[in-house]
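Worksheet for the structure shown next.
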Amino acid sequence: MPRKKLESPAEGVSRRTFLKGAGIAAAAVGVSGVDVAGETPSSQESLIVGPGPVPFQLTINGDTRSIEVPPSTTLLDLLRDKLGMTGSKRVCDRGSCGACTVMFDGKIVDSCSILAIDAVGREITTIEGIGTPENLSALQQAFIECDALQCGFCTPAMVVSCTALLNDNAKPTRDEIRAGISGNLCRCGTYINVFEAVEKTSGQGGRDD
Amino acid sequence: MTEEMKIKVGFGDTFRELTVRIPDGDIPPYQPGDPLDLVGTSEIRLDAVAKVTGTAEFTYDRQPKGLIYGKILRSPHANANIRSIDVSQARALEGVRAVLTTPDVFEDSTARYAGAEIAAVAADSEAIADEAVRMIEVDYEVLPFCVTIDDSMAEGAPKVGRGNQENVDRVSPRARRRRRGGEINADAEASMVARMKEREKTVDKLFAKSKGVVEGEFRTQVQTHAPLETHGVVCDWDGKNLLCYGSSQATFGFKRELGSSRGPVGAKDVRVICEYVGGGFGSKFSAGREGVLGAMLAREAGKPVRLMLDRKEEQTSAGNRPDSLQKLKMGVAADGTILAYRVRSWGTPGTGTGGAGAHNDGIYNLGEIDKVEYGVRTNCGGARAHRAPGWPQGVFALEQMMDMGAQSVGLDPIEFRKRNDDHPIRTAQYDIAREKIGWDRPRVRGGAATVCRGVGVASNLWFSAGGRGTQVMVRVHKDGQVEVRNGAQDIGTGTRTVMGMVAAEELGLPLARVRTFIGDTRDPQGPGSGGSTTIGSITPAARLAGYVAKQRLLEVVAARKNWPIDQLGLRRGHVTRSGDPVLSFDAACQLMEEDVIEVLESRKANYAGFSDTNAGVQCAEVEVDTETGEVRVIKVVAVADAGKLINPMLAESQVRGGVSQGVGYALLERRIMDSQEGRMVNPNLEMYKLLGAVDCPEIEVVLFDVYNGKSNTSVMGLGEPPIVATAAAVANAVSDAIGVRITEIPITPRKVLEALGRKGSDTGKKGE
């Protein structure tokens, strides 16, 4: 079963329209809230943003952040390299491993395959917004107790995917959990422990020791 | 000086006394019935909170101030000589801070596989570094190449090696070489060849006497390590001293490599930090060319440089498990005893021949063995040690031969194995695995229906008691703080946690009361995470350091309180006198005159022990759809021995991990090379398929708790053993399900359908 993914934003700037041709539609920029300093777009087709840094705002973990990066910057690189939020990992950089998973309005997406500028207007949730060492989520606590981690590199994104899964489905079956994290690869082989952690969180047992 | 003493060794309810010589200064091993509060409990990992919150800082996450980015230019050709490299345009690009070439750095002007390092740049952004790499102009003399074992072994194949190196080179038994260039000592070679002929004759005679003789030809694929964190470093110089954050499974190995005066970096003082590493599986012992280039770019640029491989580079250039072609023959007596065994095997570890071997002649008593094996050079990225090097491929073939041998004399596969196995632990494991998998349950098997089920068995063996060369420091501070320190890394196995547990046990403290430090070469010497020996090397030193620190603290208490020291102990956060708590640990520390008790203890030599090896048996149940050819692994039972269990939960995780990788190896993973262009076709994570959550089988782990007595903690490592048997057990289960043997992994739907197609028209090899 494919994992639930956001195909493209229903409105605003999609990667496809962004990449089409040389420019970016000004109206779309306006809709998604991109404020290109000093220019008042009059024609939808006339405005080109980039390749230099462009200022815009993003909502990340409930905070509004003012950003200024080239429009070619992926959301993942923005999070990691500009905002110092390194919980999301770059592993394949092409949307096949899920290690960079974040939430857009509660749905999981691969932040390596989304331009930061395309995240305008979205509620972005990263691992840093799910829990902190001092204030762990119930799922994070279950991950710890079920040893649902080994090297730990895939773990933050696993937590994000499982959080989204539980938000959608409070009592997922084992098969639904498998499907829910089917986009997250773990090389150490912690899958079963992850299943157990999700089941423990949803009050369906988990591991007994 | 050593102390002779009697210890109990064994497992379950069967123990025997063994007289051992405990090295001077060491303490005797844990004994059955010892009152242990921490050891043997499933404490949660000390780094779990950091890992689930994303706050654990991996090498990839390090961002020192002023960080710039390194990038490597790699050869597009599978075999080429570099005539010249023009870096002038790259150097002139704005934002480029350093440019290096491999002929300059490594004195190597060849590119012997597609992906070989040619040059490297460091620039203010990754985008600039990428652009600079594209601007480097290289004049190659392009040469013919071989990228598959068959191409390289073919007559008239292009030469892969240098000088007089042949493409196919015998690696065992090996005549003494005169020197590294590969020249063979003619006399030694002649006498070796004579001995090989003799052995061949002996084994032929035994085959003639055998009731059952079976033969098979098996192939395994190249498997890449594919750790999620790629290889690489973040390097920062302070004058002549190098600070290297390295994604490493051998911090001290990196330090030696980058600090060696004979190496290109030759840093005066090197500090390697690796607090967390995103997987290694054997591929991260060496800093590699990427590490060397990262360090040198940082020096030339005068800024910290991050040089982490991208996924394509990781899959192409950062190591793999060699493939294999194994031709095996086995002779079995009527009573099921194996009389003789012949091995001819080949494997390609890339442009060299080191590490090509397949361990297909171990585990069981195989009678007289005639084994010759060869390394085959190909123009491919080089092998690196990979979780149980040589074993999964060898055991894949060996275990199918065991099934075929059993069949040749009409024995049940498990009974046949027991008849040829005398391992003191494994012989107790077979029946447990048999029962847990439901071996004797009726199943629709033999290809008799659309969906068939089958079961298979395979064994593993390992050698992981650990050894000397490791030191652990324990510090007890006057304010009650306790530190436990070792400079080695925790690659996800739980080293940090078990090191803390054994020390805390001695000090009578809960695990949360000790602070553990790991992954910094400023701390005491530790092992590379290889051979599953990390836990067996670190825990005895940690336990001893904890013990000595306890004695020192109790001496203080005895002197200050005027209590007889032989009545004192530490347990559950208190000093005990004749077993009763009399003083809190913190209050005891307050009695210290100095600020800190600091103890540095070394890992002592191993004792005689119960068994030098740890054992395991796995059974797999599979379901095969005979219409689509799809194989699903339903369940794997893994019975495993890790010596004395320090933390059962972490041990179980290791077994689950090894089995998971083994299932991927059996069904999915495969490096594919393009014979036309000589490049890897699937250097990514969608075409190179790792096991995912949907395909992960149920894994039932049964852990043996063995008082092995090899060291004071009796522990045996468990990283590698579980991966050894899995692919073999799965393959045997598939042949049980469809009634025809599949002799090549990965077992793809196409191979299943082809095998089913052959069935009936071809009875297969003798004995099948």
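As a rough guide to protection, the peptides A:52-64, B:45-57 ranked by mean Cβ packing within 10 Å, highest first, stand as B:45-57, A:52-64. Residue-normalised convex hull volume from the C-alpha trace of segment B:522-570: 81 Å³ per residue. Each residue of segment B:371-382 is assigned a 3J(HN,Hα), and the resulting list reads 10, 10, 9, 10, x, 10, 7, 9, 7, 10, x, x Hz, derived from the Karplus form 6.51 cos²θ - 1.76 cosθ + 1.60 (θ = phi - 60°), x at Gly and Pro. Applying the Karplus relation 6.51 cos²θ - 1.76 cosθ + 1.60 with θ = phi - 60° to segment A:54-70 yields 3J(HN,Hα) values of 10, x, 7, 10, 10, 9, 10, 6, x, 9, 8, 10, 8, 10, 9, 9, x Hz, where x marks Gly and Pro. All alpha carbon pair distances within chain B were sorted into 20 Å bins beginning at 0; the resulting P(r) in whole percents reads 16, 45, 33, 7, 0.
In this structure the amide hydrogen of B:L73, modeled in the peptide plane, comes within under 5 Å of the amide hydrogens of B:I118, B:A119, B:A120, B:V121, none closer than 5 places in sequence on its chain.
Spatially, segment B:645-661 and segment B:80-118 are offset by 43 Å when compared through their Cα centroids.
Each principal axis of the Cα cloud of segment B:1-128 was evaluated for its coordinate range; sorted largest first, these ranges are 73, 39, 30 Å.
Summary of packing: across the peptides B:678-691, B:29-42, the per-residue average of other C-beta atoms within 10 Å ranks them, highest first, as B:678-691, B:29-42. Pair-distance distribution P(r) for the protein assembly as shown, from all Cα-Cα distances in 20 Å bins starting at 0: 13, 42, 36, 9, 0 percent.
Which order do B:S675, B:S578, A:S137, B:S537 take when ranked by solvent-accessible area (1.4 Å probe, heavy atoms of all protein chains), largest first?
Ranking B:S675, B:S578, A:S137, B:S537 by accessible area, largest first, yields B:S578, B:S675, A:S137, B:S537.
Relative to its residue count, segment A:138-201 spans a Cα convex hull of 67 Å³ per residue. Expressed as a fraction of 2.2 N^0.38 Å, the value expected for a compact globular protein of N residues, the C-alpha radius of gyration of segment B:457-567 is 1.21. Its Cα gyration tensor gives segment B:196-292 an equivalent ellipsoid, and the semi-axes of that ellipsoid, as √(5λ) in whole Å with the largest first, are 48, 18, 10. Of all alpha-carbon pairs in segment B:567-630, indicate the percentage at a distance above 20 angstrom. Result: 67 percent of Cα pairs exceed 20 Å.
Would you calculate, for chain B, the mean residue ellipticity at 222 nm contributed by helices, counting each DSSP H stretch of 4 or more residues as -39,500 (n - 2.57) and dividing by all residues, to the nearest 500?
The helix contribution divided over chain B gives -8500 deg cm²/dmol.
Here's the list of lysines a cross-link from B:K8 could span, going by alpha-carbon distance under 30 Å and ignoring same-chain residues fewer than 8 apart: B:K418, B:K436, B:K550, B:K604, B:K644, B:K710.
The phi-based Karplus calculation (6.51 cos²θ - 1.76 cosθ + 1.60; θ = phi - 60°) puts the 3J(HN,Hα) values of segment B:139-146 at 9, 9, 9, 7, 10, x, 8, 10 Hz, whole numbers, x for Gly and Pro.
Toward the positive end of the charge dipole of segment A:138-201, with +1 on the Cβ of Lys and Arg and -1 on the Cβ of Asp and Glu, the farthest Cα among A:N167, A:C188, A:Q141 is that of A:C188. Per residue of peptide B:687-697, the mean number of Cβ atoms on other chains within 10 Å of the residue Cβ is 6. The Rg/Rh ratio for segment B:248-314, using Cα coordinates for both the radius of gyration and the Kirkwood hydrodynamic radius, is 0.95.
At full extension, B:L600 and B:A512 could sit 29.5 nm farther apart than now, given 0.36 nm per residue minus the alpha carbon distance. Hydrodynamic estimate: the Kirkwood radius of segment B:628-768 over Cα pairs, inserted into Stokes-Einstein at 20 °C and 1.002 mPa s, corresponds to D of 125 µm²/s. Mean partner shielding of peptide B:42-50, defined as the number of other chain Cβ atoms within 10 Å of each residue Cβ, is 5. Between B:R560 and A:Q204, the FRET efficiency estimated from the beta carbon spacing at R0 = 35 angstrom works out to 0.05.
Given the options B:A729, B:V160, B:S714, identify the residue whose Cα lies farthest towards the positive end of the charge dipole of the protein assembly as shown (+1 on Cβ of Lys, Arg; -1 on Cβ of Asp, Glu). The listed residue farthest towards the positive side: B:V160.
The values are calculated or read from the model by the stated rules, or taken from the named source; none is laboratory data. This is a predicted model, so every value here is computed, not measured. Neighbour counts are summed over all protein chains in view; Cβ atoms, including those assigned to glycine, are modelled from backbone coordinates with ideal geometry. To get the accessible areas, we keep the full protein, side chains included, count just its heavy atoms, and leave off ligands, DNA and RNA. Shrake-Rupley method; radii C 1.70, N 1.55, O 1.52, S 1.80 Å.
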